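> For reference, the structure I am asking about is given below.
No lab work stands behind these numbers, since they all come straight from the coordinates. Just so it is clear, the model here is predicted, and its values are computed rather than measured. Positions of Cβ are backbone-derived with ideal geometry, glycine not excepted, and every protein chain shown enters the neighbour counts.
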Amino acid sequence: MRIAQLAGRTVLLTNEGAIDIPASFEGHVFERWDELLDWSTTAEGARPYDESDLEAPVPAPRQVFAVALNYRPHTAEAGYEEPEAPLVFTKFPTCLTGPYTTVDLPPGHVDWELELVAVIGREARRVPVEKGWEPVAALTVGQDLSERIAQLDGRPAQFSLGKSHPGFGPVGPALVSLDEIPDPDDLELTCELGGEVVQHDRTGNMIFPVPRLVSYLSEFCTLLPGDLIFTGTPAGVGNRRVPKRFLTPDDELVSRIGSVGEMRHRFRRTTP
């Protein structure tokens, strides 16, 4: 099942097109997730749609978590030792945008970070690692766009503001239920910039896999339906390349995760 937001409506995406979910499910997607799964197996009435009308599949999550340095090659390229516990920061929900939008570039150095995003489906607290997948309803593709000057300013650096400009949290194209994913613990990630592959890895190489992240976060706070967990980015980000490379108005960024989906974004420069 692939649930998306299309021009303000919650829809099921199929090979034939988009199907509006029944009105009784609207606003209660996660509370009735299992019922929605059952409905999706016989749903009819698909209609064509324009990808550009797809919006962030969770329009207003209450909490957006993100994890730094969760792939060993990225940890090494950043010049750090492997962390002993997940390094967590937040992205503010107003940064979210859809899977095929144009993102405004603020002043500074804007970088890409392809990430698998886990979507929480039910309230969860103190979840054992061995049950870490149970609160996860779906997966989606995400980009943790980052303005590096603001992110790394100060001692110690603080991440959240430099990662929360409008449009800096692209997610989508849909919430993909776990039954659609052959192996949610090992998915291929590929990020292309202007046709060049700049990031490529597998989620099986995470230092802290999704169940560990869910368990760790739930020790500190209650996870809520619709919460997003950006699970970390692999090596290949722009500020660690030689020479450094950052996003420009001429770029097209393609973010792809096997079995989950693909996003495409363009950029434009804002004026003060």
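> Do you know which of the residues in region 17-43 that are loosely packed, with under 13 Cβ neighbours inside 10 Å and not in a loop (DSSP other than H, G, I, E, B) is farthest from the chain's Cα centre (by Cα)?
The qualifying residue farthest from the chain's Cα centre (by Cα) is D38.
> Among the residues of region 232-272, count how many are without any contact (Cβ under 8 Å) to a residue 24 or more places away in the chain and β-branched (V, I, T).
Summing the residues that are without any contact (Cβ under 8 Å) to a residue 24 or more places away in the chain and β-branched (V, I, T) in region 232-272 gives 2.
Okay, residues lined up against (1) touching a helix residue (DSSP H, G or I) at 6+ places or on another chain (Cβ under 8 Å); (2) not β-branched (V, I, T):
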{"position": "T94", "(1), (2)": "no, no"}
{"position": "Y100", "(1), (2)": "yes, yes"}
{"position": "D111", "(1), (2)": "yes, yes"}
{"position": "V129", "(1), (2)": "yes, no"}
{"position": "V136", "(1), (2)": "yes, no"}
{"position": "D144", "(1), (2)": "yes, yes"}
{"position": "Q151", "(1), (2)": "yes, yes"}
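> Among the residues of region 251-262, which ones are assigned to a loop (DSSP other than H, G, I, E, B) and more than 9 Å from G194 (Cβ to Cβ)?
G258, S259, V260
> Please enumerate the residues belonging to region 135-167 that are within 19 Å of P61 (Cα to Cα) and out of contact with any strand residue (DSSP E or B) (no Cβ under 7 Å at 6 or more places or on another chain).
Hits for region 135-167 are L161, S164.
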